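Each remark here refers to the structure printed beneath this line.
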Amino acid sequence: MLACPSALKVAQPLARTFHRQLNPALSSLAARRAASTSTSPSAPLPQVNSPASIFPDRVYASPAPEATVQNAHLSHQPLDTPSHPLPTMTKVDRAQQNAQHFAKIQRDFRTDTITMPTDEMFDLMRDASRGDDVYGEDAATNDLQDKIAKMAGKEAGLFCVSGTMTNQLAIRTHLTQPPHSIILDARSHVHLYEAGGVAMHSQASSHAVPPRNGHHLTLEEVLDNAVFGEDIHSAPTKLVSLENTLSGMVFPQEEIVRISDCMRSNGIIMHCDGARMWEVAAKTGMSLEELCRPFDTVSLCLSKGLGAPVGSVLVGPRKFIEKVKWFRKAFGGGIRQCGSLAVAANYCVDNHFQKLVGTHERATYLAKGLAAQGAQLLLPVETNMLWLDPSSIGFTISELAQRAKTRGITLGSNRVVVHHQITREAIDDLLALVAEMKEECKDRPRKEIDLEQNELYAQGQYTRNIEPPIARLGVHYGRNQ
Ligand SMILES: Cc1ncc(COP(=O)(O)O)c(C=O)c1O
């Protein structure tokens, strides 16, 4: 019956009126639309389903963004000014803010990733190439990849946003189809701090081995955990992943070569998380090429000790790197106009790499100063990291961190990291604070420690097995202190 044209003429307006009565917001939208074509465009818009109207009991810290008919995409009006504009800062304000931040990080011992990019880096970044790296068309990125691959003695390199990404991409690309397993140090970043990526991306089981000497894995331990053969109950070992440095400790190269020779002759792939391989080169004087030789692939971070704002380069055989690009794409990890990041990273390779020797000297200076006061070092200080437990002089690491804050010094966990922008003054201030607290706490009970060994650790040496905890210290050790 309603198909009849005359009946439609009556029914449609009736239905519209009925609908508007049911929904006043739509009704006022229609009014707004009508008005917009003729009269005041700045008339206030009706609000539909604002968070405050849906949750009247909630307290909003700042006015909650209102859902209006505009952002409900019902209107063709031009958008009003956003309700939360970015704070406007002048160039001078920003420079002042950056200067304050720089002063802060010069006294921040939490990690070497918090260094700040410098003005020199930004000057270069402005003039960087602006090609699309997903198409492989950015000159600075290509140059950087080639340069780092050459330094590492490998055919090709691939710039990625992070060390986690280069590790995970490498492992994913090496491993094809399960069942398969990998061997790694139980304290390693790949095992503990990459969000379970090995299981998630590569469907591999992990044999996470705590080294008996507390310092590095040995061939014997790798062999103890390797799965060879065709037994269908087990997942064969396909890859060994080592980390160098690990917790600031240098993996002895001769042991890496032993592991690599044996594993590779059995068809097992060698990968290295060399996030801080630069520190090893600076410490030992060995070339990156020699350090990377025992590995099929190495992940080399640019944003740790070297101080680049972003980046890690995975190096390996050319064909392999071509395959990695597929996975990088699948991970959503391609960077389009990547040139400025590559230029910044390249600046760090050219200018900051050589600073690492000085960084290590300052770390040793701090370690010796702490050991002289009797504060316990938990691991040998071989590069830029210290692991500290001051309960041997009467107070906890948390107490130290709290007091340090009052002096503008930032400490995280037991891990104390010296980066290239930490000043000697910050180190002296930290040592002075420790001396002050030691004096204040002289009547408190103290943990007994082996002072001779402590002194050796301060010099980056050890003569016997390093005590557990086996789990990486930074997160698991002293959490409740
Ligand atoms: C040894 C090691 N490998 C890999 C990574 C991962 O690097 P990113 O934070 O760039 O993902 C880190 C990060 O601190 C690390 O310490």
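Numbers at a glance
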read-out	value
Count of residues meeting criterion [within 16 Å of the ligand (Cβ to nearest atom) and either buried (at least 22 other Cβ atoms within 10 Å of the Cβ) or free of Cβ contacts under 8 Å to residues at least 12 places away in the same chain (or both)] in region 325-351	8
Candidate set from region 103-136 (those that are under 20 Å from K323 (Cβ atoms) and free of Cβ contacts under 8 Å to residues at least 40 places away in the same chain); member that is farthest from the ligand (Cβ to nearest atom)	Y135
Members of region 260-280 that are part of a loop (DSSP other than H, G, I, E, B), under 19 Å from the mean Cα position of the chain (by Cα) and free of Cβ contacts under 8 Å to residues at least 40 places away in the same chain	G274
Among (1) within 14 Å of the ligand (Cβ to nearest atom); (2) within 24 Å of G307 (Cα to Cα) - the single one A281 does not satisfy	(1)
Flag if R187 is touching a Ser or Thr at 6+ places or on another chain (Cβ under 6 Å) and of a type in the set (K, R)	no
Selection within region 294-319 - within 15 Å of R172 (Cα to Cα) and in contact with a His (Cβ under 8 Å, 6 or more places away or on another chain)	D296, T297, V298, S299
Cβ-Cβ under 8 Å pairs, at least 6 apart or on other chains, region 310-322 side assigned by TED's automatic domain parsing to the domain that holds L169 and of a type in the set (A, V, I, L, M), far side more than 11 Å from the ligand (Cβ to nearest atom) and assigned to a loop (DSSP other than H, G, I, E, B)	V315/K154; I321/E155
Where A208 falls short, out of the listed (1) surrounded by fewer than 22 Cβ atoms within 10 Å (Cβ to Cβ); (2) within 15 Å of the ligand (Cβ to nearest atom); (3) in a loop (DSSP other than H, G, I, E, B); (4) of a type outside the set (S, T, Y)	(3)
Candidates G369, G358, filtered to the one that is assigned to a helix (DSSP H, G or I) and more than 30 Å from Q145 (Cα to Cα)	G369
Criterion: loosely packed, with under 15 Cβ neighbours inside 10 Å, over 30 Å from V416 (Cα atoms) and outside the structural domain of R318 (by TED's automatic domain parsing) - qualifying residue of D123, D146, D93, D127	D93
Residue that is farthest from the ligand (Cβ to nearest atom) [pool: residues in region 182-205 that are closer than 20 Å to F327 by Cα and β-branched (V, I, T)]	I182
Residue match in region 222-238 (condition: of a type in the set (K, R) and within 16 Å of the ligand (Cβ to nearest atom))	no
Enumeration of residues in region 153-177 that are in a helix (DSSP H, G or I) and away from the ligand (no atom under 16 Å from the Cβ)	T173, H174
Identity of the residue in region 300-322, buried (at least 16 other Cβ atoms within 10 Å of the Cβ) and more than 14 Å from the ligand (Cβ to nearest atom), that ends up farthest from the chain's Cα centre (by Cα)	F320
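Each row is one residue, and each column tells you yes or no for (1) more than 20 Å from the chain's Cα centre (by Cα); (2) of a type in the set (A, V, I, L, M).
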{"site": "S129", "(1), (2)": "yes, no"}
{"site": "A140", "(1), (2)": "yes, yes"}
{"site": "T166", "(1), (2)": "no, no"}
{"site": "Q177", "(1), (2)": "yes, no"}
{"site": "L184", "(1), (2)": "no, yes"}
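The values are calculated or read from the model by the stated rules, or taken from the named source; none is laboratory data. Since the structure is predicted, the reported quantities are computational estimates derived from the model, not experimental observations. So basically every Cβ, Gly included, is an ideal-geometry build from the backbone, and we count neighbours across all protein chains shown.
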